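Everything on this sheet refers to the single structure shown next.
The values are calculated or read from the model by the stated rules, or taken from the named source; none is laboratory data. A quick note: this is a predicted structure, and the numbers were derived from the prediction, not measured. Glycine also receives a Cβ, built like all others from the backbone with ideal geometry; neighbour counts cover every protein chain displayed.
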Amino acid sequence: MSTFKGICQEVPQIRIDYFRASPDALPPLACFLSHAHSDHLQGLESFRSPFIYCSAATRELVLGLEKYPHRINFAKGILETRKQTYAHLKKLLIAIPLETPTDIELTPEKAIRVTLFDANHCVGAVMFLIQSGGQAILYTGDIRSEPWWVNSLIRHPILIPYATGVEKLNTIYLDTTFASKQQPYHHFPSKAAGIQEMLDKVHKFPKHSTVFYFDAWTFGYEECWMALSGALQSRVHLDDYRLRLYNATKVPSLVGFQIMFGVSQNANGNTEDVDLVRITPIVSRHDGCEIPELGVGGGQSDLSHTCEFDMNDSASFGQLVALCASKLNNEPQLLTNIVEHLNAIAKDGHTIQLQLPGPLAGDQITDSDASTPFPLDLVVEALVKAVQGHPQLSKPTETESLRKDGLPRVIVSRSQ
Ligand SMILES: [Zn+2]
């Protein structure tokens with residue numbers, strides 16, 4: 001989760017990955033966005049200027065993102081939804097090609113040179129090398145720092161002077177998501193090892209009668225899809241929303257997925273013999289337990305059906321509390337926790353963000369579903385989950401539910 005406030009002391013005229021106003025600083029003259037995970041987009045909803053520079057893929061993903069602000073309709077017992085996008089940024093988001101030093105004029109007297117490098121994180125994610133007035137900084141954003149990737153960086157023609165010590169980086173602004181954490185976050189498998197483990201498990205299933213459903217709720221699993229597609233000699237099928245997003249990136253390996261979400265037919269068109277197996281990504285394992293994926297590097301639920309609604313309306317607030325009370329009358333402590341949670345949000349004037357049950361295989365999700373109302377009971381369920389939090393470690397899930405042939409219905413993959 002990014003906690004960076006956007007300002008680099010060497011170049012205070014710019015902002016990176018943070019788009020809210022900074023009361024103690026002058027407004028920025030240029031902004032930069034490392035990737036499309038939501039924790040790096042803070043403030044973009046109401047952002048009006050100046051230009052934001054990013055990779056071409058990130059530009060297309062951000063412009064395609066949809067959120068679902070909700071208005072609670074207690075009379076009908078539903079959440080009414082409408083679609084909202086970052087369309088207002090269309091003229092402000094400027095794509096810069098990777099590995100191409102690009103001069104950006106901040107004022108007639110001051111320019112900076114920016115070079116983007118792939119961050120080995122999710123589609124479109126980049127680092128920024130910024131050179132300005134004899135100074136140089138590297139802003140990494142979220143990275144997956146594997147040895148092969150570091151080796152490729154220090155051999156890069158533009159970075160060689162810094163790798164050899166001929167030139168000096170004044171500061172590296174480094175993502176440290178796991179650096180300060182204790183066990184079990186010290187050791188991670190390589191992404192390649194995680195993908196190989198997933199493929200080994202997948203190959204145990206009957207090839208022509210199994211449909212694999214990959215639980216991808218944010219950007220960053222693209223290599224898993226490509227690996228599965230290659231190994232199974234199958235297309236990857238996406239719902240309308242994801243298909244639009246990935247096609248827009250124009251990343252060759254991610255373009256051309258076919259709409260067929262809710263796959264219920266095998267290659268022969270036979271719908272009866274198809275078994276569905278879920279693939280659930282995890283961060284790693286430790287002492288026989290699984291470390292769940294909670295939005296590593298941010299972006300938790302970026303692609304899920306997240307609802308968002310204001311807590312400024314005191315009438316709605318009261319009705320929401322009453323609704324929770326009616327559903328949770330046997331669980332006073334849980335109700336108390338939820339009311340405290342809602343109070344804290346209302347006091348800060350924030351919106352509630354809750355993850356509603358997302359589309360599952362078998363559901364057909366189309367554009368028209370953006371306006372489909374959700375029953376309010378789902379809000380209570382989502383609030384319960386929000387206050388109970390997620391377990392840090394969980395017992396292995398693969399043995400919980402087995403098919404007739406002894407293979408698991410859920411396989412777990414260390415793969416982001
Ligand atoms: Zn990220």
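Quick notes
Here's the yes/no breakdown for (1) touching a helix residue (DSSP H, G or I) at 6+ places or on another chain (Cβ under 8 Å); (2) outside any strand (DSSP E or B); (3) within 16 Å of the ligand (Cβ to nearest atom):
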site: GLY6; (1), (2), (3): no, yes, yes
site: ARG20; (1), (2), (3): no, yes, no
site: PRO23; (1), (2), (3): no, yes, no
site: LEU26; (1), (2), (3): no, yes, no
site: CYS31; (1), (2), (3): no, no, no
site: HIS35; (1), (2), (3): yes, yes, yes
site: ASP39; (1), (2), (3): no, yes, yes
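- Pair list, Cβ < 6 Å and 6+ apart or interchain, from the stretch 37-57 residues that are modelled with pLDDT under 90 to residues that are polar (S, T, N, Q) and within 13 Å of the ligand (Cβ to nearest atom): ASP39/SER2
- Filter result (touching a Ser or Thr at 6+ places or on another chain (Cβ under 6 Å), at negative phi and in a strand (DSSP E or B)) within the stretch 117-149: VAL126, MET127, LEU129, ILE137
- Note on the stretch 8-18: among residues that are over 19 Å from the mean Cα position of the chain (by Cα) and closer than 17 Å to ILE104 by Cβ, the one that is surrounded by the fewest Cβ atoms within 10 Å (Cβ to Cβ) is PRO12.
- Selection count, the stretch 1-26, where residues are free of Cβ contacts under 8 Å to residues at least 12 places away in the same chain and either under 21 Å from LEU138 (Cβ atoms) or of a type outside the set (D, E, K, R) (or both): 2
- Pair list, Cβ under 9 Å, 6 or more apart: the stretch 210-231 residue within 15 Å of ILE411 (Cα to Cα) and in contact (Cβ under 8 Å) with a residue 60 or more places away in the chain, other residue more than 16 Å from the ligand (Cβ to nearest atom) and among the acidic types (Asp, Glu): THR210/ASP275; VAL211/ASP275
- Every residue from the stretch 325-349 that is over 15 Å from ALA386 (Cα atoms) and exposed (fewer than 14 other Cβ atoms within 10 Å of the Cβ): SER326, ASN329, ASN330, GLU331, PRO332, LYS347, ASP348, GLY349
- Some residue of the stretch 152-165 being within 16 Å of the ligand (Cβ to nearest atom) and surrounded by fewer than 19 Cβ atoms within 10 Å (Cβ to Cβ): no
- Listed conditions (1) assigned by TED's automatic domain parsing to the domain that holds HIS35; (2) touching a strand residue (DSSP E or B) at 6+ places or on another chain (Cβ under 9 Å) are all met by LEU89, apart from (1).
- Residue check for LEU106: in contact with a Pro (Cβ under 8 Å, 6 or more places away or on another chain) and in the same structural domain as PHE51 (by TED's automatic domain parsing): no
- Every condition in (1) among the aromatic types (Phe, Trp, Tyr); (2) within 16 Å of the ligand (Cβ to nearest atom); (3) modelled with pLDDT of 85 or more is met by TRP217 except one, and the failing one is (3).
- Condition met for ILE195 (away from the ligand (no atom under 16 Å from the Cβ), among the aliphatic types (A, V, I, L, M) and within 22 Å of the chain's Cα centre (by Cα)): yes
- Screening the candidates ALA136, ALA125, ALA111 for the property of being within 28 Å of LYS250 (Cα to Cα) and at pLDDT 95 or above yields one hit, ALA125.
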